[in-house]
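What follows is a short report on a single structure.
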Amino acid sequence: MNRKKIVAGNWKMNGSRSENAPLIEGIQSADGVTVIVAPPFVYLSEVWDALSGTPGVELAAQNCHAEASGAYTGEVSPQMLKDVGCTWVILGHSERREYQQENSDLLLAKTKAALAAGLKVIFCCGEPLEIRDADQQNDHIAQQLRETVLTLPEADWNQLVIAYEPIWAIGTGRTATAEQAQDMHAHIRKTIADALGTTVADQVRILYGGSAKPSNAPELFAQPDVDGGLIGGAALKAADFNGIIEAAKTTSK
Ligand code: 13P
């Protein structure tokens, strides 16, 4: 199955007008892969003004609300994200699960709202270190998916990408080994196949996230079930982000 690779840069709560400029200028043509940039809400429009002419580059938000509009002070709807150029939204990130207490019910509601508004969703899952140490990561991830995206109909799955982000690897410098990533991605694909069939499972892209960088991306992306990366820290340096995009191009050939 030839799945087009994705390299998505999640800037998290980083950036400023002066810092964004060189980063955006540094993003080169995607050329056979999809490059997604996810800046904070306030910079979405101006980042997209600068990048919308670059082939293969798309815009993502890092969160959305589950309602289209209304009295929800401080929130941003999927429709608004579409309006300013987003084609994607990241949902289910472990930082939002932890710091904003986002649970499976809320994440499913947000996912449905985003899909209904015509956004594609990068849905994140991942286990904490104590689950990995207890060797319970497969059950943990299957449960996260069963409570959320696996309840969605088959028709939604061409708008969904899964990101596996082991929490112990995020921002720690401790990357999952290529073997650990492959094992989990194969497990995720099998869990999807068991629930929805192999047609869905074979086409869905599963991204790896957690201390990915130019030096480890080629080996990670060469794994048969790793279809690209969701990149944090390394997406904040143009040279590193481009290095990871190169790795995706090379391993796509
Ligand atoms: P790092 O690449 O900084 O580990 O972050 C990964 C991540 O959380 C991307 O969403």
Counting each DSSP H run of 4 or more residues in the chain as -39500 (n - 2.57), what helix-only mean residue ellipticity at 222 nm follows after dividing by all residues, to the nearest 500 deg cm²/dmol?
-11500 deg cm²/dmol
What is the percent carbon and sulfur in the accessible area of the chain, measuring with a 1.4 Å probe over the protein chains and ignoring ligands?
49 percent
If you count only protein heavy atoms and use a 1.4 Å probe, how large is the accessible surface of Thr250, to the nearest 10 Å²?
90 Å²
Using 5 Å bins from zero, what percent of all Cα-Cα pairs in the range 26-114 falls into each bin?
3, 14, 23, 22, 18, 11, 7, 2, 0
Ranked output for segments 57-63, 81-87 by mean other Cβ atoms within 10 Å, highest leading, reads 57-63, 81-87
May I ask you to order 21-27, 226-232, 92-98 by the average number of other C-beta atoms within 10 Å around their residues, highest value first?
226-232, 92-98, 21-27
When the scattering of the chain is computed by the Debye formula from its Cα atoms alone, each counted once and equally, what is log10 I(q)/I(0) at q = 0.10, 0.12, 0.14, 0.17 Å⁻¹?
-0.43, -0.64, -0.89, -1.38
Can you give me the accessible area per residue for the range 33-104, using a 1.4 Å probe, in Å²?
45 Å²
Quick one: dipole size for the chain, taken about the Cα centre, charges +1 on Lys/Arg Cβ and -1 on Asp/Glu Cβ, in debye to the nearest 20.
460 debye
Would you tally the net charge around Glu246, using a Cβ to Cβ cut-off of less than 13 Å, leaving Glu246 out, and scoring K and R as +1, D and E as -1?
+2
Along the Cα→Cβ direction, 7 angstrom out, place labels at Ala21 and Ser45. What is the inter-label distance in nm?
2.0 nm
When ranked by the protection proxy of mean other Cβ atoms within 10 Å per residue, highest first, what sequence do the peptides 135-146, 183-194 form?
183-194, 135-146
Stick to Cα atoms and the Kirkwood definition of Rh, then tell me Rg/Rh for the range 73-201.
0.97
Enumerate the calculated ³J(HN,Hα) couplings along the range 194-211 in order (Karplus 6.51 cos²θ - 1.76 cosθ + 1.60, θ = phi - 60°), each rounded to whole Hz, writing x wherever the residue is Gly or Pro.
4, 7, 10, x, 6, 4, 5, 4, 6, 8, 6, 7, 10, 9, 9, x, x, 6
Per residue, in Å², the accessible surface of the range 132-253 once ligands and nucleic acids are set aside, probe 1.4 Å:
41 Å²
Skipping prolines and chain starts, which residues have an amide H placed within reach, meaning under 5 Å, of the one on Gly228, given they are 5 or more residues away or on another chain?
Ile6, Tyr208
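The values are calculated or read from the model by the stated rules, or taken from the named source; none is laboratory data. Predicted, not measured: the structure shown is a model, and the values here were computed from it. Quick reminder, even Gly has a Cβ in these numbers, built from the backbone with ideal geometry, and neighbours come from all protein chains shown. Calculation scope for accessible area: heavy atoms of the full protein, side chains included, ligands and nucleic acids excluded. Shrake-Rupley method; radii C 1.70, N 1.55, O 1.52, S 1.80 Å.
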